[in-house]
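Shown next, in C-alpha cells, is the structure this report addresses.
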Amino acid sequence: MLLKDQLAEKISQQRTRTTKLLKEFGDVKIDEVTISQVVGGMRGIKSMVTDISYLDPEEGIRFRGYTIPEVMEKLPKVPGGEMPYVEGQFYLLLTGEIPTLEEVQELAEELKSRRALPEYVKDILRAMPRDAHPMTMFTAGIVAMQRESKFAKYYNEGHFNKNTAWEPMLEDALDLIAKLPVLGAYIYRMKYRGDTFIPSTPDLDLGGDFANMMGIAKPYDDVARMYFILHADHESGNVSAHTAHLVGSALSDVYYAYSAAMAGLAGPLHGLANQEVLKWIQELMKTQSGGQVPTQDELKKFVEATLSSGQVVPGYGHAVLRKTDPRYMAQREFALAHLKDDPIFKVVSMLFEVVPPILSSLGKVKNPWPNVDAQSGVIQWHYGVVEYDFYTVLFGIGRSLGVLANLVWDRALGYSIERPKSVTTDMLEEWAGIPKPNHAELVR
Ligand SMILES: CC(=O)SCCNC(=O)CCNC(=O)[C@H](O)C(C)(C)COP(=O)(O)OP(=O)(O)OC[C@H]1O[C@@H](n2cnc3c(N)ncnc32)[C@H](O)[C@@H]1OP(=O)(O)O
Ligand SMILES: O=C([O-])CC(=O)C(=O)O
C-alpha cells in the first residue's frame with residue numbers, strides 16, 4: 001500500500017528526531033505550572049506532543065500545517081462532488097503529505113474491503129433498549145469489535161516489539177475507520193428509520209457511501225465529507241483525543257482506546273454540544289416564537305434566561321480558541337451557499353450577532369465566540385437528519401481520522417504509558433504559603 005510505504009519512511013525520519021530530543025535535550029524546560037492550571041483542568045499546560053494538528057488560539061486548527069481552506073482546496077476531490085475525499089484527510093493526517101488522486105483512491109479501495117460490520121455487533125445493538133442514546137450504542141459497538149483487534153492478537157501471541165507495533169495499530173485503524181460509517185448508519189436506520197437498512201455500495205467513497213447508507217440524497221454525500229474532514233482532529237488535549245492517547249498508552253488497542261474517547265465525546269461540554277445547540281434552538285422556536293424565526297429581542301431574552309438558569313450557551317466558548325472557530329466559518333460558508341433561507345440557519349446567524357456581546361458582558365467567559373458545534377447541527381437538520389441525538393455519532397465518525405492517526409504514531413514513536421503526578425490540597429496550600437488551619441478556628 002502506498003500509504004504504508006510512505007508512512008514507514010516518515011516514521012523512520014521522525015524516530016531520529018524524537019530520539020535526539022530525548023537523549024540530548026530531555027532536561028530542557030518548556031513550561032511552568034500554576035495552581036490554577038492544576039485545579040482548572042490542566043488548561044494550557046504544555047504536556048503532550050503531536051504533529052498531526054495544532055491549534056492556535058487566534059487562528060484555529062491547522063491540519064499538518066494546513067488551514068481548513070487549504071485542506072479543502074488541496075485534497076483531491078471526489079469526482080462529481082464539491083468536497084474532497086475523506087480518505088485523503090486520513091492520508092494527510094497520517095503521513096503529513098497531501099496525497100495524489102492515485103494515493104487516495106488506493107486507500108479508498110483498501111477501506112472498502114474492510115467495511116463489513118460483524119453480525120454480532122448488530123446483535124448487540126439490537127439487544128439494547130431502542131431508547132438508548134446513539135452514542136451509547138456507538139461506543140458499545142466499537143468496544144464489542146475489540147475481539148477483531150490485530151494489535152491485541154499480535155501482542156497476545158508474544159510478538160510485541162517497539163519497532164513493529166505501529167503496523168498492527170495501522171491495520172486496526174484502517175479496519176475501524178472503514179467500519180465506523182457502517183456502524184453509525186446502522187444505528188441511525190435501526191433507531192429512527194424502523195429497521196430499514198441500505199447496504200454499503202462498493203463503488204462509493206467513504207462519505208458517499210455513508211450518505212447512501214443513511215438514505216439521504218445529494219448533496220448529503222458532500223455534507224458528510226465536509227463534516228468528517230472538519231471534525232477530524234483538534235490537536236491532542238481535547239477530551240476525546242486525550243482519552244484515546246491515555247488509554248492507548250497502556251498498550252490498549254484501537255478499539256478500547258476509541259470507545260473510551262467516544263464516551264468523552266458524548267459529554268455536553270464536548271461533542272454532545274452540537275446536539276444541545278439544535279435542542280436549544282428547537283425549544284426557543286417552540287416556546288418563544290411559536291415556530292417562527294424570533295426577533296433579536298426574543299433571542300436576547302432566551303439567551304439571558306438560559307444563563308440565569310445556570311446553563312451554558314451551547315456552541316459558544318472554547319477551552320483554547322479565542323476567536324470564532326474556523327470550522328464554524330467553513331460550515332457557515334457552506335450554509336450560506338446551500339441553505340441561506342432555512343429558518344433555523346437564520347436563527348443560527350442571529351445567534352452569532354446576539355450571543356457574543358452577552359457572554360462578554362458576564363466578564364468571565366474567555367471566548368464569547370461560536371465553536372464548531374454552533375453551526376454543524378443546522379446543516380444536518382436541513383438535509384433531514386432531524387434526530388439531533390444522532391449528531392455526536394457523526395462527530396465520532398469524523399474524529400476517528402485524527403485520533404487513530406495519533407494512536408498509530410504513538411506506537412511508532414514508542415511513547416510511554418501516561419502517568420502524571422497528583423498532589424494533595426495540603427501540598428498546594430503549603431506551596432502557596434497558606435498557614436496550616438488551626439483546629440480551634442475551624443470549629444468556630
Ligand atoms: C467540539 C467541542 O468540544 S467545542 C466545545 C463545545 N461545548 C460547548 O459549546 C458548551 C458551551 N461552552 C462551555 O461550556 C465552555 O466554553 C467550554 C467547556 C467549551 C470551555 O470551558 P472553559 O475553558 O472552562 O471556559 P472559560 O475559561 O471561558 O470559562 C470561564 C467561565 O465562563 C463560563 N462559560 C464559558 N463558556 C460559556 C458559555 N458558552 N455559556 C455560559 N457560560 C460560559 C464557564 O462556565 C466558566 O464559568 P464559571 O467560572 O462560573 O465556572
Ligand atoms: O479542542 C477542544 O477542546 C474541543 C474541540 O473543539 C474539539 O475537540 O474539536
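The values are calculated or read from the model by the stated rules, or taken from the named source; none is laboratory data. The model shown is predicted, which means the values in this text are computed figures rather than measured ones. FYI the Cβ positions are ideal-geometry reconstructions off the backbone, even for glycines, and counts take in every protein chain you see.
Taking the criterion of being surrounded by fewer than 20 Cβ atoms within 10 Å (Cβ to Cβ), more than 6 Å from ligand 1 (Cβ to nearest atom) and within 14 Å of H318 (Cβ to Cβ), the only residue of segment 361-376 that qualifies is P368.
The set of residues from segment 203-247 being within 13 Å of ligand 2 (Cβ to nearest atom) and among the hydroxyl-bearing types (S, T, Y) comprises Y227, S236, S240, T243. If the condition is being touching a Leu at 6+ places or on another chain (Cβ under 9 Å) and surrounded by fewer than 21 Cβ atoms within 10 Å (Cβ to Cβ), then segment 86-102 contributes I98, T100, E102.
Within segment 53-79, how many residues are polar (S, T, N, Q) and closer than 16 Å to T324 by Cβ? First the steps, then the outcome.
Looking only at segment 53-79, we keep the residues that are polar (S, T, N, Q), and these are 53, 67.
The next check asks that each one be closer than 16 Å to T324 by Cβ; those that pass are 67.
Number of matching residues: 1.
Can you name the residue in segment 204-241 that is β-branched (V, I, T) and not in a loop (DSSP other than H, G, I, E, B) and is also farthest from S53 (Cα to Cα) among such residues? Selected residue: V223. Scan segment 304-332 for residues that are under 19 Å from K366 (Cβ atoms), of a type in the set (S, T, N, Q) and out of contact with any Pro (no Cβ under 9 Å at 6 or more places or on another chain) and the total you get is 1. Taking (1) touching a residue at least 40 places away in the same chain (Cβ under 8 Å); (2) within 16 Å of ligand 2 (Cβ to nearest atom); (3) under 18 Å from F138 (Cα atoms); (4) not aromatic (F, W, Y) in turn, M190 satisfies each apart from (2). One residue is enough: does segment 198-206 have a residue meeting the conditions within 16 Å of ligand 1 (Cβ to nearest atom) and out of contact with any Lys or Arg (no Cβ under 6 Å at 6 or more places or on another chain)? No, the conditions are met nowhere in segment 198-206. The residues of segment 299-355 that are in a helix (DSSP H, G or I) and among the charged types (D, E, K, R), listed by number, are K300, K301, E304, R327, R332, E333, K346, E353.
Each residue in segment 207-258 was checked for being among the acidic types (D, E), more than 18 Å from E87 (Cα to Cα) and either within 16 Å of ligand 1 (Cβ to nearest atom) or surrounded by fewer than 20 Cβ atoms within 10 Å (Cβ to Cβ) (or both), and 1 of them qualify.
Select, from E87, E82, the only residue that is in a loop (DSSP other than H, G, I, E, B) and touching a residue at least 24 places away in the same chain (Cβ under 8 Å).
On the way: E87 fails: in a loop (DSSP other than H, G, I, E, B).
Within the list E87, E82, the selection yields E82.
Just one of the listed residues (K4, K29, K20) is farther than 20 Å from Q89 by Cα, in a helix (DSSP H, G or I) and either at pLDDT 95 or above or of a type outside the set (A, V, I, L, M) (or both), namely K20. Which of the residues spanning segment 248-281 are among the β-branched types (V, I, T) and away from ligand 2 (no atom under 15 Å from the Cβ)? Result: V254, I281. Scanning segment 298-343 for residues that are in contact (Cβ under 8 Å) with a residue 60 or more places away in the chain and within 11 Å of ligand 1 (Cβ to nearest atom) yields P314, G315, A319, V320, L321, R322, D325, R327.
Residue-wise test of (1) surrounded by 12 or more Cβ atoms within 10 Å (Cβ to Cβ); (2) assigned by the TED database to the domain that holds L413; (3) under 23 Å from L246 (Cα atoms); (4) in contact with a Phe, Trp or Tyr (Cβ under 9 Å, 6 or more places away or on another chain).
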{"position": "K23", "(1), (2), (3), (4)": "no, no, no, no"}
{"position": "E32", "(1), (2), (3), (4)": "no, no, yes, no"}
{"position": "E58", "(1), (2), (3), (4)": "no, yes, no, no"}
{"position": "Y66", "(1), (2), (3), (4)": "yes, yes, no, no"}
{"position": "P69", "(1), (2), (3), (4)": "yes, yes, no, no"}
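Scanning segment 334-376 for residues that are within 16 Å of ligand 2 (Cβ to nearest atom), among the hydrophobic types (A, V, I, L, M, F, W, C) and under 22 Å from the mean Cα position of the chain (by Cα) yields a count of 3. Taking the condition more than 16 Å from ligand 2 (Cβ to nearest atom), out of contact with any helix residue (DSSP H, G or I) (no Cβ under 7 Å at 6 or more places or on another chain) and not charged (D, E, K, R), does G81 pass? No, not satisfied.
Going through segment 4-62 one residue at a time, which ones are in contact with a Pro (Cβ under 9 Å, 6 or more places away or on another chain) and of a type in the set (A, V, I, L, M)? The answer is M42, I61.
Determine whether segment 148-162 contains at least one residue that is in the same structural domain as Y255 (by the TED database), among the acidic types (D, E), touching a residue at least 24 places away in the same chain (Cβ under 8 Å) and crowded, with 20+ Cβ neighbours inside 10 Å. So far as segment 148-162 goes, no, none of its residues is in the same structural domain as Y255 (by the TED database), among the acidic types (D, E), touching a residue at least 24 places away in the same chain (Cβ under 8 Å) and crowded, with 20+ Cβ neighbours inside 10 Å.
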